[in-house]
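Derivation of every value follows stated rules applied to the coordinates shown; laboratory data play no part. Not measured: the values here are computed from a predicted model. Quick reminder, even Gly has a Cβ in these numbers, built from the backbone with ideal geometry, and neighbours come from all protein chains shown.
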Amino acid sequence: MKKMFVVAASLLILAAFFGVMAMTLTFGSPKVTDMDDYFLRHGQEQTGSNNECTAVVFDFRGFDTLGESTVLFCAIMGAALMFRKMQGGEEHEDE
Amino acid sequence: MLWNLPFITVVVLTLIGLATVLLKKNIIKILLGINILESAVNLFLIALGYRGGGVAPIFTLAPSELMVLPTPQALVLTSIVIGVATSALVLSFAMVLKKRYGTVDINKIRRLHG
Amino acid sequence: MTFADFIVTNSPALLVAIPLFAAFLSPVMGKISTTARNLWVMGMMLVTAAIAFILAYRVFATGPVLYVFGAAAANLAIPLDSGGIPIRIIFTVDAMSAFMDIICAIVGTSVLLYSLSSESRNTSLEGYYTLFFLMITGVFGMVSTGDIFNFFVFLEILSLASAGLIAYRIDGGIAVEAALKYLVLSTLGAILVLFAIGIYYGQYDALNIAMIAERMQFSMLDKIALVLLVAALAMKCGAVPLHFWTPDAYSMAPSSVTAFLVVASQASLYGLFRVVFTMYNVTMNCFTVGWIIIILGVLSMVVGVTMAIPQKDIKRLMAYHAVSQTGYMLLGVGVGLAVLGNAALTSAYGFMAMEGGIFHIFNHAMYKGLLFLTAGAIFYRIGTRDLNKMGGLGHTMKYTMIFFIIGALAIAGIPPFNGFASKLMIYESVYLFNPILAIIAMVVSILTLASFVKVFHSVFMGPQLPEYAEVKEAPLPMLIGMGILAAIVILFGLFPQPVVDMLVAPAAHALADQGGYIASVLGGA
Amino acid sequence: MSRIVRTAADILYPTILIFGLYIVAHGHLTPGGGFQGGAVIATGGALVIVAYSYKEVTGWLKKNVLLGREVIGLVGFIGVALLALAFGQVFFFNYLAGSGSLFGMPVPYGINAGELNTAGVLPLMNFAVGIEIWGGLTIVILYMLSGLEKEGC
């Protein structure tokens, strides 16, 4: 059970890490909010969208959203490759 | 400290997820561990953006002008879709492995040794 | 505005948009005809490479290039009414990013040309090309972006596309197993990166790298974030404690993909350097972090080369050498980081070490790509990767043999090939820092040479084996693909000094100059 | 599945479709958007696949059509963003907001009742993403089922 021990030790270290994280941050009152206040104040006039989340998702951070759709596309093309019909002459090396 | 409960939940979820990933041998269970970890990080992000008493950042008939931060919600949306994509690919791999080896236990399918 | 102006202004956006567009339409082109698909992917790759070179030229001529997605003007990083904070996603292409863009463009073009014939026997090639273009997008995005969440998104694109391609030849499940290992580890790494992003966001309410660097206080949380990022990115670039995915993934992927996976690992290496140099720089204890990176590098060098020597599988052997060579880059740049706070030592040997490490990134991408492509050509003709089953191929595959010699001599650091140029810089500067490290590096180099002599002997030398009497030379597109890389290996080996002056030194200075990076985004300073 | 389940799926599928399209179309006014709406529609597809068998479903959920939907969605998304370059603007610039044309009505600031014809390119991108997710999530299920089908387990 050496592996169990290693895993337990690393989990304890991580618990300490994240424990510090949980204690340092305060829930409900973020310290700095200047970027988000900008979105709330100017998002409506700049994008014309009432839903500020959509304004952030598709306008201010629209490029991320393109990347995110692309990630899904990657997964779908990967799944398509996995379930394709293989034919005889394909490269393989099963020894 | 009760007011930090969301962050403490994040810690607990992270540890559960990591323990699942590291200790379980079944690919599906490993994937579940990854999904728990993803939930933890999503909860972390969304909890960072909460402002006490705030409403969702949508102006359509909003009950108040005090709103929570919109950026974490966008980040979590992205992160959720990425999580779905990862799960789909891992499950496809698991299905192919099940078809070729007849098992999804990583100890039994280990033919690579690195 | 003329067309040329248009291209130059929008080059950072087009750099990502064009491969994405090519990837989205590749399945449609595959439905039309094979020729249309091949023309489409090759044409789009050439356009992408041209744009990467235009952008790199612009960066090296005029300094960092900004591109603000969705703003009123492309270089309006800070909106006038925002009170001095960047709010949108910004591409910040400085000399280091442009340097990586050039690597990706060169390797991408030659690998795509190579795969036109090397993969032609397989099915679902439109899926292959789609994922290949998505990998290129991922690398370009990772090295060009100036926004840490955007970096995470491109990291995920790169991971998923690579995993799909590693499993491409299903191969009775072994390739899928390697891909699963890679994907699970990448996802864990990505989750760690996302935790770090959350920590930065929670403290500074910023996602832009320059803004985080400006507000960096190096609190306890920042230390945790640094540990998470270094662990995740060191795993993704294949440094030693977490290198075990590298040989599996590199050996089971198709060879053309493996050659590009080298660049993909280096994009993670770039991310690691960007984090320690641009986001933290001298606010943290550079000496300690530098030594951590040096130790990772030395471990990678030694473990990689010792694991490589007994391997029987040619691509596994090369994959362990890739781990070992990654160690050189970490060593060079780590030495640069360890002396960063000290101006005298930095100008004495710190910059030289960094230039050596960064130059080695370029050289490694070229010669390791070349070696994997030759391994792929051998596999294409004889259908095995087992060194014991090969022999006497020098009689029939003469060009492949020449390319293999070039790559092998370059990786062992023999003049006049490019590996020598960068390794010499690393030896000289590291010797001034700590002689023992330089000696270890030289010993590893000698072991690398020994290992490749053995491979060369068992693959190409000896009498012609009867079962390989019918073997022909690799097809022309594969030879051209290898030839491009071999020409660059020789060219950069013969004339290293102009390359170092023109490309490498600006990249190293851009990486070390945190103030310049912040000023290019936030202005002033 | 039994006749009851099939009839229920037949009735629910158009309802889910319309509800998903509503979520997509109102993405810039109410909670929701392209991803959420597309996922809702894909749930409808999954319901039909569960209620009927794979062989019956492939008759009217064709993989090529779904892949085409996926590609159309993605190309539409990047195309809307690239169109800004054609207008001499920056990639992803919101060139329709407040322009007075399609989706370009000026918005009253602050809390308001909402107007569908606002937000510029955001609804267009919502629709593109909605179509993409609709095709994408359904086709993943179909691919996995086809993997099971070949094996016969």
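Since only C:HIS321, C:ALA338, C:ALA13 are under comparison, the one whose Cα sits farthest along the positive direction of the charge dipole of chain C, derived from C-beta charges on Lys, Arg, Asp and Glu, is C:HIS321.
Exposure proxy for D:TRP60, D:TRP134, C:TRP291: other Cβ atoms within 10 Å of each Cβ, ordered fewest to most, give D:TRP60, C:TRP291, D:TRP134. The HN-Hα couplings worked out from phi for region C:284-300 by the Karplus form 6.51 cos²θ - 1.76 cosθ + 1.60 (θ = phi - 60°) are 8, 7, 4, 5, 5, 5, x, 5, 4, 5, 4, 5, 4, x, 5, 4, 4 Hz, whole numbers, x standing for Gly and Pro.
Apply the a/c threshold of 1.5 to the C-alpha gyration tensor of region D:3-151 and tell me whether it is rounded, prolate or oblate. Oblate is the answer for region D:3-151, as a/c is 1.5 or above yet b/c matches or exceeds a/b.
Just from its helices, what would the mean residue ellipticity at 222 nm be for the protein assembly as shown, if runs of 4 or more DSSP H residues each count -39500 (n - 2.57) and the sum is divided by every residue, rounded to the nearest 500 deg cm²/dmol?
Values: 33 runs with 616 residues, N = 887.
When only DSSP H runs of four or more count, the value is -23500 deg cm²/dmol.
By the rule of a C-alpha distance below 13 Å, with chain neighbours fewer than 8 residues away ignored, the aspartates and glutamates paired with C:LYS454 are C:ASP313.
Can you give the FRET efficiency to the nearest 0.05 for C:PHE456 and D:TYR109, using r as the Cβ-Cβ distance and R₀ = 51 Å?
On the way: r = 73 Å, r/R0 = 1.42.
The calculated FRET efficiency here is 0.10.
If R0 is taken as 41 Å, the Cβ-Cβ distance between B:LYS29 and C:PHE287 corresponds to a FRET efficiency of 0.45. Given R₀ = 51 Å, FRET efficiency for C:SER82-C:GLN464 by Cβ-Cβ distance, to 0.05? It comes out at approximately 0.10.
Of the residues B:GLY102, B:ALA47, B:SER79, the one whose Cα sits farthest toward the positive end of the charge dipole of chain B, with +1 on the Cβ of Lys and Arg and -1 on the Cβ of Asp and Glu, is B:GLY102. Each label was represented as a point 7 Å from its Cα along the Cα-to-Cβ direction; for A:GLN87 and C:LEU449 these points are 4.8 nm apart.
Using the Cα gyration tensor of chain A, with a ≥ b ≥ c the square roots of its eigenvalues, what is the shape: rounded (a/c below 1.5), prolate (a/b larger than b/c) or oblate (neither)? Walk me through the numbers on the way to the answer.
Working: a/c = 5.51, a/b = 1.24, b/c = 4.46.
Oblate is the answer for chain A, as a/c is 1.5 or above yet b/c matches or exceeds a/b.
Couplings for region B:47-53, taken from phi via the Karplus curve 6.51 cos²θ - 1.76 cosθ + 1.60 with θ = phi - 60°, read 6, 5, x, 7, 10, x, x Hz in order; Gly and Pro are left as x. When +1 charges are put on Lys and Arg Cβ atoms and -1 charges on Asp and Glu Cβ atoms, the dipole computed for chain B relative to its Cα centre reaches about 900 debye.
For A:THR26, B:THR20, C:THR400, what's the fewest-to-most ordering of other Cβ within 10 Å of each Cβ? Please report the intermediate quantities before stating the final value.
Details: A:THR26 14, B:THR20 19, C:THR400 26.
Lowest count first: A:THR26, B:THR20, C:THR400.
Extending 7 Å from the Cα toward the beta-carbon at both A:VAL32 and D:ALA46 defines two label points whose distance is 4.0 nm.
How far apart, in nanometres, would the label points at A:ALA15 and D:SER99 be if each is projected 7 angstrom from Cα along the Cα-to-Cβ direction? Computed distance between label sites A:ALA15 and D:SER99 equals 5.8 nm. For chain A, the residue among A:VAL56, A:LEU81, A:ALA16 whose Cα projects farthest onto the positive side of the dipole built from Cβ charges is A:ALA16.
Quick one: dipole size for chain C, taken about the Cα centre, charges +1 on Lys/Arg Cβ and -1 on Asp/Glu Cβ, in debye to the nearest 20. If you can, show how the numbers build up before the last one.
Values: 22 positive and 23 negative charges, 199 e Å.
Using only the charged Cβ atoms, the result is roughly 960 debye.
Pairs with C-alpha atoms separated by more than 20 Å, drawn from the list B:LYS24/B:LYS108; B:LYS29/B:LYS98; C:LYS181/D:LYS63; A:LYS2/B:LYS25; C:LYS315/C:LYS368, are C:LYS181/D:LYS63.
Test of understanding: ordering C:HIS243, C:HIS457 by Cβ neighbours within 10 Å, fewest first, what list do you get?
Numbers: C:HIS243 25, C:HIS457 13.
The fewest-first ordering by Cβ neighbours comes to C:HIS457, C:HIS243.
Here the Karplus relation 6.51 cos²θ - 1.76 cosθ + 1.60, evaluated at θ = phi - 60°, turns the backbone of region C:211-221 into coupling constants of 5, 4, 4, 5, 8, 4, 10, 6, 7, 4, 4 Hz, with x for every Gly and Pro. Charge dipole of region D:3-151 (Cα centre as origin; +1 on each Lys and Arg Cβ, -1 on each Asp and Glu Cβ, all else neutral): 280 debye, rounded to the nearest 20.
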